[in-house]
Amino acid sequence: MLVARSLLLFLLAAVAEIGGAWLVWQGIREHRGMLFVAAGMLALAGYGLVAAFQPDPHFGRVLAAYGGIFVAGSLGWGVLVDGFRPDRYDLAGAGVCLLGVAIIMYAPRA
């Protein structure tokens with residue numbers, strides 16, 4: 001159950017951080033306005049809040065593992081929201097990152 005909770009928190013954190021960064025990008029780079037920027041900033045703050053609920057007590061481990069989630073999630077966001085088409089190297093790199101997440105977070109420890 002702890003692994004499922006952890007994975008759900010990683011997913012929520014990814015949506016908040018990637019979505020927040022996308023909103024800021026839209027507001028500034030795509031000239032959609034300061035409401036997009038403000039919404040993005042709130043979502044980014046939400047990312048920090050969600051990440052704090054990870055069951056593992058080690059900040060460095062959680063953030064290191066989240067880096068892999070962020071890589072894969074960013075590619076997924078690009079596919080779903082921006083019509084991005086990852087190539088085999090994007091997918092291979094994301095796979096390596098997710099393997100790293102599994103090792104960092106869920107390897108058996110004494």
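Every number here is computed from the coordinates shown, using simple stated rules; none is lab data. All of these numbers come straight from a predicted model, not from anything done at the bench. Don't worry about glycine lacking a Cβ; one is built from the backbone with ideal geometry, like all the others, and counts go over all protein chains shown.
Data for the structure
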read-out	value
Net charge of neighbours whose Cβ lies under 15 Å from the Cβ of GLY68, counting Lys and Arg as +1 and Asp and Glu as -1	-2
Inter-site label distance for VAL81 and ALA102 at 7 Å from Cα along Cβ, in nm	2.7
Mean-position separation - Cα centroids, the stretch 1-49 and the stretch 58-110, in angstrom	16
Residue with peak Gaussian network fluctuation, the chain [Cα springs, cutoff 10 Å], from GLY60, GLY20, GLY100	GLY60
Rel. contact order, % - alpha carbon contacts under 8 angstrom, at least six apart, the stretch 2-106	27
Cα-based Rg and Dmax for the chain, where Dmax is the largest Cα-Cα distance (Å)	15.0, 52
Mean ellipticity per residue at 222 nm, deg cm²/dmol - from DSSP H runs of n ≥ 4 across the chain, formula -39500 (n - 2.57)	-28000 deg cm²/dmol
Residues with amide H under 5 Å from that of PHE84, placed H, sequence gap 5 or more	VAL79
Span-rule helices in the chain, defined as complete DSSP H runs reaching 27 Å or more along the axis (Cα) with Kyte mean at least 0.5	2-28, 59-82
